[in-house]
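Asker: After the structure tokens below, expect a handful of questions from me.
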Amino acid sequence: MTAASLRKATDAHRTAPARAAASTSPALALYEQIKAFITHKIQDGSWGAGHRLPSESELVAQFGVARMTVNRALRELVEQGRIVRVAGVGSFVAEDKPQSTLLQIANIASEIRDRGHDYRCEFLTAERIAASPDVAVWLDLRPGESVFHTVCLHMENEIPVQLEDRYVNPRVVPDFLEQDLQATQSIHALLERQFQAALRHQGAELGALAAELTPALDAMDARRKQRVALVRALHGVDGTMSGFIAAQPEPGRAKLAAAWSELERLVVACKSATTRNGNLLAEQFTTMQRVLHDSDGTYAPR
């Protein structure tokens, strides 16, 4: 046997397993066989979440098929949620994502206060960093793009109970502001109901509204702190929302400016309503004390 024939025989031996893998299911199209091969590796645990798949070139060589065949297999696996592809980096086994219908994210501040304990949130980190490959995948960005990163510590009776490590896509910050706007509108509506309940001396309704208002106000305050931290991470310690908005491109800037203006208006309205309600409740309490104790002879005979 010549050296050339020996080399050909060796090459054939090396590629035999890959070709065998591609032909294990002859009834399947070639791209389906590649999908089945990758899916099997994921399901049997050989390739865990985050595992980097062979490159397109490697799969082309391994299965002896055209690049478009491999590309189709990978594209359909992405659509099925089995893998994620990061431009310029590669393909990775996807994390198992929980279904929204089965996942309930609790408000830790409400949970702590429901136990009758004090709650406090302390921000440890607020910065703007380059997205790592895994963060880029989850935020639908390219690796290296800018993201906001915050770390905060949730405290129960001054004891740390939860560390929150959060990454935020700067593109969706306007959506965060929209959420703040909706939450503030809800708070203002609750304050108006509180005022009407106070006028009618509806004690049970006042108690129920207080139970709704406390966690809502706590959540808004936590979001305000996070918004301030994000803006400062972007524009420095003297950064403001006005500066952040001015730096945004159109058409998003106009929408963001309108939302911020409306939010500021609502916050002022909420503060005014809170003062008004507090004064009314304090006046009613004072009047009730006078009625009960008749300290100033309110009902003295004439």
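The values are calculated or read from the model by the stated rules, or taken from the named source; none is laboratory data. None of the values given here were measured: they were computed from a predicted structure. Reconstructed Cβ throughout: ideal geometry from the backbone, glycine too, with neighbour counts over all protein chains shown.
Asker: In the set 204, 198, 210, which member is of a type outside the set (Ser, Thr, Tyr), over 30 Å from residue 92 (Cα atoms) and in contact (Cβ under 8 Å) with a residue 40 or more places away in the chain?
Answerer: Just a single option satisfies the conditions, and that option is 198.
Asker: Moving to a separate point now. Inside the range 48-65, can you point out the residues that are more than 38 Å from the chain's Cα centre (by Cα) and at negative phi? Write out each step before concluding.
Answerer: Taking the range 48-65 as the starting set, the residues that turn out to be more than 38 Å from the chain's Cα centre (by Cα) are 61-65.
Result: 61, 62, 63, 65.
Asker: Test of understanding: among 113, 72, which residue is modelled with pLDDT under 85 and buried (at least 17 other Cβ atoms within 10 Å of the Cβ)? Let's see the steps before the verdict.
Answerer: Numbers: 72 fails: modelled with pLDDT under 85.
Residue meeting the stated conditions: 113.
Asker: What about residue 247, is it under 17 Å from residue 171 (Cα atoms) and at pLDDT 80 or above? Reasoning before the result, please.
Answerer: Working: under 17 Å from residue 171 (Cα atoms): yes; at pLDDT 80 or above: no.
Criteria not met by residue 247.
Asker: Quick check, is residue 91 at pLDDT 90 or above, out of contact with any Cys (no Cβ under 6 Å at 6 or more places or on another chain), within 30 Å of residue 164 (Cα to Cα) and small (Gly, Ala, Ser)?
Answerer: Numbers: at pLDDT 90 or above: yes; out of contact with any Cys (no Cβ under 6 Å at 6 or more places or on another chain): yes; within 30 Å of residue 164 (Cα to Cα): yes; small (Gly, Ala, Ser): yes.
Criteria met by residue 91.
Asker: Here's another thing I want to ask about it. Could you list, in sequence order, all residues of the range 116-131 that are within 17 Å of the chain's Cα centre (by Cα), surrounded by fewer than 17 Cβ atoms within 10 Å (Cβ to Cβ) and in a loop (DSSP other than H, G, I, E, B)?
Answerer: None; the set is empty.
Asker: OK, next. For the range 154-170, give me each residue that is among the hydrophobic types (A, V, I, L, M, F, W, C) and surrounded by 15 or more Cβ atoms within 10 Å (Cβ to Cβ). Spell out the reasoning first.
Answerer: Quick first cut of the range 154-170, residues among the hydrophobic types (A, V, I, L, M, F, W, C) only: 155, 159, 161, 163, 168.
155, 168 - these are the residues of the range 154-170 that are among the hydrophobic types (A, V, I, L, M, F, W, C) and surrounded by 15 or more Cβ atoms within 10 Å (Cβ to Cβ).
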